Amino acid sequence: MSDASATGAPFASRRGWRLAAHAYAVVVALGIGYFIAGSPLQVSEALRNMMAVQRTDLYELLVLQFTQGGFLRPLLMAEIDIPFELAQGRYFEVFKTIHVAQVVLAAILFVNLRPVRNAVEMLAVPFGLALLFGSHTFAGTVTEAFPINTFLTIVLCCLAAANLAQGPPSRRKDAAAVTLFVVAALTVETGLLVWVCLAAAWIAGFRGVSGRALLVTTAALAAYMALRFGPLHVGAPALVERSSGFGFRVLDPPEIIARFGDNPLLFYAYNVAAQVLTVLFAEPKAGVWVLVRGLSTGDWLLRDLLGVAATTGATVLIGWYAASRVPVWRRGEVADDDRWLFVAAAMLAGNAVISYPYTKSVIVSPAGTFHALAAAIAFGTALERLGRARLRPALALAVVLLTALSAAWTVRLVGLHYRLREKAFLTRNDWMFVTVGRPPAEVDVRMYPAAGRLIEQLREEAVSMRVPNPVFDPPRASRVFEEAW
Amino acid sequence: MTANGAAARPSALQFVAAGAPLVAFLGSLAIVAGWAVGASPFWSVPTFTLSEAAAARDAGEVTRLIEREHVDPNRAWPVRAGLLDEVRSATPLEAAVRARRPEIVGLLLRLGVVVPDGPPRAALICLGVRSAADDVVTLLLDTGDRSDPRGGCPARVD
């Protein structure tokens, strides 16, 4: 390997910075993992899914998932079933380990997309990770678990696809890309974004995954669509499936049907637009204009203003970066950073379109991840220019703005820890009200005694887990730190 | 991208602009180090009496104290300042009623707390009426002899 470097830094030094960036990412991710591990396993959905995999064998699960209407997620339950069986009763340990490992892996794959060859490039890494983890689109991947967070799985698949796309091509990468797409697409609908990522990266000029592999992946996508809308009759989710935000509040399915039953296109268009806007501006959240509503009633919260300001600031920074690159693009020169910008835009469009049936911030977590990547690129470029510029008012203003932006994202990142801590309290409390036979523990334990034992075990573990009570937190904390939408 | 080696050494301005997340990193470092040695940073769990847990809607602690620690749920326990205004001692049920926590009242009843018959029951229901805790009152009316003493409660002072 050559020591020749655009940075002038020796290879050993460049490798050191890269290692430092990864170590930093692991520590930040483990800091989040600590709070994930402090919470009992979630009751709603997690318990239901665990009871489902407990009483159904893997083959039966796969067949069942292939034949349900509205959704095509055959691997979703299989991905829960396998660790459930391997856990041999140590469910908490196994599922929490998976969740923490996923967060750590997300951090590593994210940092892997950035060249970190010197101290200045290293300085952009903390900002990127603050965006990745501090975003309201990411929060739902760690505050919830079913008991495996499917949304986080898809974020990982998209990041892995991006990692495969960069660098030199290889057959192994091609095989991995196709496999990744198939697994992601059959896990949950947003898994189709792996194809968007691979295709956008190829169009942008990344050749880590070959055109042939992209063709195979495209054929797999076509087969998925043909099966879904053909013989399997899965179709698309109906309006009755979920509540969804619209305007200043959340509408329940009957309200959605009453308002949009005759013309759902307007509702779908709103959802797509809302999902784009939430990634770029943090408003609306899950389709609800939280800050606008607060400002109009005078009952706004600092956390909502901070979220909008921080996210809009990051988007403006990306816009500045793109504008500054236009002259270079006109000369036909495109750098990897520019290519990632294109991929981020494609992911945003694809993710928004795919979440047309209903709005929820966590659905756009893949787009949020690539928004963080684009912002980290822009921030790194801005930092590098700061180092070259002479002191003048414009520079001073740039320093103030960048400092305010990184400080705002730091508050959002800390806020995630606060919300995880609060979530632990709420989850533990939830377990105390679980009654066998009633939702979410609706099971006949005479017919399935193992389910009764599972519920009892998880409840006992929750009773034993001591968690902090937010009543003793500073009263202003919940006004500063955002809620997961 | 950084164009030369000299620019790779960060300036003070660059540090200022990018430094904020590093503060959070120190917190993460403390958490991970603490986790590794078995400490629990940012995870302070206060010691509660059963009545305090009830007042602070801590269903987990209420259950743990009754089921694991076998704390007597029918007697009065101290309550720290600020949790229930001026009250310094209360039974868990009384604390939950004062805090207007129907879910905790329900939990306490499920865990074997006994609503005393006669005047103490009426006093508890009247406390719920005074606290404007309608859900709590409904739960309490369904206990004991199921009589409704609300007609005899002193008028609510708002």
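Where a number appears in this text, it was derived from the coordinates with a stated rule and is not lab data. Only a predicted model underlies this, so the values are computations on that prediction, with no experimental measurement involved. Neighbour counts run over all protein chains shown; Cβ positions are idealised from the backbone, glycine included.
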**Item:** the stretch A:109-151: Cα Rg divided by the 2.2 N^0.38 Å rule of thumb
**Value:** 1.45
**Prompt:** Quick one: Kirkwood hydrodynamic radius for the stretch A:111-186, alpha-carbon pairs, angstrom, one decimal?
**Reply:** 14.3
**Prompt:** Roughly what angle does helix B:119-130 make with the longest principal axis of chain B, taking Cα atoms, 0 to 90 degrees, to the nearest 10?
**Reply:** 50
**Prompt:** Non-local amide H neighbours of residue A:251 (under 5 Å, H modeled in plane, Pro and chain starts lacking H): which ones?
**Reply:** A:244, A:245, A:246
**Cα convex hull of the stretch A:352-424 - mean projected area over all directions, nm²** = 6.9
**Request:** Output ³J(HN,Hα) for the stretch A:381-395: one whole-Hz value per residue in order, computed from phi by the Karplus curve 6.51 cos²θ - 1.76 cosθ + 1.60 with θ = phi - 60°, and x for Gly and Pro.
**Result:** 5, 4, 4, 4, 5, 4, x, 9, 7, 8, 5, 7, x, 4, 5
**For A:400, A:364, A:209, order by how many other beta-carbon atoms lie within 10 Å, fewest first** = A:400, A:209, A:364
**Farthest toward positive dipole pole in chain A [+1 Lys/Arg, -1 Asp/Glu at C-beta], among A:179, A:240, A:261** = A:179
**Fill in**
Sequence order, the stretch A:334-340: Karplus ³J(HN,Hα) from phi using 6.51 cos²θ - 1.76 cosθ + 1.60, θ = phi - 60°, Hz rounded, Gly and Pro as x, gives 10, 9, 4, 4, 5, 4, 5
**Complete:** The helix A:91-112 Cα axis meets the longest alpha-carbon principal axis of chain A at an angle in degrees, between 0 and 90 and rounded to 10, of 20
**Message:** Taking amide H atoms as placed 1.01 Å from N in the peptide plane, list the residues 5 or more away in sequence, or in a different chain, whose amide H sits under 5 Å from that of residue B:89.
**Reply:** B:79
**Request:** Rounded to the nearest Å, what's the spacing between the alpha carbon centres of the stretch A:20-59 and the stretch A:373-445? Just the number, please.
**Result:** 18
**Message:** Is there a quick way to get the dipole size of chain B? I mean about its Cα centre, with the Cβ of Lys and Arg at +1 and of Asp and Glu at -1; what is the value in debye to the nearest 20?
**Reply:** 400
**Message:** Taking the Cα centroid of the stretch B:38-68 and of the stretch A:180-218, what is the distance between the two, rounded to the nearest whole Å?
**Reply:** 48
**Fill in**
Of the candidates A:31, A:160, A:113, the farthest towards the positive dipole end of the protein assembly as shown (Lys/Arg Cβ +1, Asp/Glu Cβ -1, centred on the Cα centre) is A:113
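Tell me, A:171, A:331, A:293 in order of fewest to most beta-carbon neighbours within 10 Å? It would help to have the intermediate numbers written out before the result.
Values: A:171 10, A:331 7, A:293 17.
The most exposed by this proxy come first: A:331, A:171, A:293.
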**Request:** In whole Hz, with x marking every Gly and Pro, tabulate ³J(HN,Hα) for the stretch B:20-36 from phi via Karplus 6.51 cos²θ - 1.76 cosθ + 1.60, θ = phi - 60°.
**Result:** 4, x, 5, 5, 4, 4, 4, x, 4, 4, 4, 4, 5, 4, x, 4, 5
**Complete:** residue A:242 neighbourhood, Cβ < 10 Å, K/R = +1, D/E = -1, net charge -1
**Prompt:** Expressed as an acute angle from 0 to 90° and rounded to the nearest 10, what is the orientation of the C-alpha long axis of helix A:449-464 relative to the principal long axis of chain A?
**Reply:** 50
**Fill in**
Taking N as the number of residues in the stretch B:50-152, the ratio of its alpha carbon radius of gyration to 2.2 N^0.38 Å works out to 0.98
**Message:** Compute, for chain A, the length of the dipole vector about the Cα centre, with Cβ point charges of +1 (Lys, Arg) and -1 (Asp, Glu) only. Units Debye, rounded to 20.
**Reply:** 1380
**When each of A:96/A:173; A:285/A:423; A:173/A:360 is checked by Cα-Cα distance, pairs over 24 Å** = A:96/A:173; A:173/A:360
**Ranking of A:268, A:358 by count of other Cβ atoms within 10 Å, fewest first** = A:268, A:358
**Message:** How large is the Kirkwood hydrodynamic radius of chain A, counting all unique pairs of alpha carbons, in Å?
**Reply:** 23.8
